[in-house]
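First comes the structure, then the notes that go with it.
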Amino acid sequence: MRPFPSLLLAALSGGALLALEAEGTLLARYPGVAPLLVKAKAQFAAGRLEAARQAFQACLAMLPSHHEAHFYLGQLAYQDKDYRGARDHIEAAERSLEDLDREYQARLKVQNARDAQSLLAAQKNVDYLTLEKGITEGSCSYSLVLLATQSLRTAQEASRHHALPEERPFTLPASYQFLHANCLFRLGDLDGAETLYLKTLELDPRHAGAWNNLVSLGLIRKQPETALRHLKAAEAAKIAIQPALRKAVLGT
């Protein structure tokens, strides 16, 4: 599983991140929340759910649109059977990821353009200086060629340094789609739930929960052919379907 974008941001080298951030932007604010987020997730993993809830809420106090804080608070609300609250949190998380992706792509475009200009200028200097005939070691022209070559290498290294690990690190994770789908299911929006279970599988074709819930939806909606189709597709992909659910579809 790929790292969540906020942790990816926190792990970036300073130069790479500084090339893309500006004061007050979402990208710039995530690393400051990362230490508290790590503690909140540790509380969640340890089952200290109330402490985790308070810690995630503290993350939102620092950054109200923090997508992971909303995601985990959505899970906690879902466990409490507050399905509307869970839906509101997961929708806020999705909006935040869209904002991050939009900002990231805009800043990456600007940085790439700057890097391209620097590389072009450095390459032109090298090309121009090396046109001169009879350059001897130790001459002024020789020194200029060395300087231009070093400038080109520096520009190439800067371009590599500015590149982030993923071209689109803020795409929606399958786990977000799945939680959203479950919320819609619980709230009675079966069409919406089915759409998001299918989107979950687009992101993670082996997501067992989404496969099982699609089979279950087919039965709930009295569409046995649809349930059977999903069952066969899941088993072809070697996904385990709950025995009781499988029996209900096959009637055996």
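Read-outs throughout are calculated quantities, based only on the coordinates presented, and are distinct from any laboratory measurement. Note that this is a predicted model, so its numbers are computed, not measured. When we count neighbours, we look across all protein chains shown, and the Cβ atoms used for this are built from the backbone with ideal geometry, even at glycine.
Just a few scattered comments:
- Per-residue Cβ neighbour rank within 10 angstrom, fewest leading, Lys247, Lys238, Lys39: Lys238, Lys247, Lys39
- Pair Leu60, Asn112: separation of 7 Å Cα→Cβ label points (nm): 3.5
- In terms of distances greater than 31 angstrom between alpha carbons, the cross-link table entries Lys41/Lys199; Lys199/Lys222; Lys199/Lys247; Lys109/Lys238 yield Lys109/Lys238.
- Förster radius 45 Å - calculated FRET efficiency between Lys232 and Gln105 (Cβ-Cβ, nearest 0.05): 0.70
- Estimated FRET transfer efficiency when R0 is 35 angstrom, pair Lys222-Gln79 (beta carbons, to 0.05): 0.75
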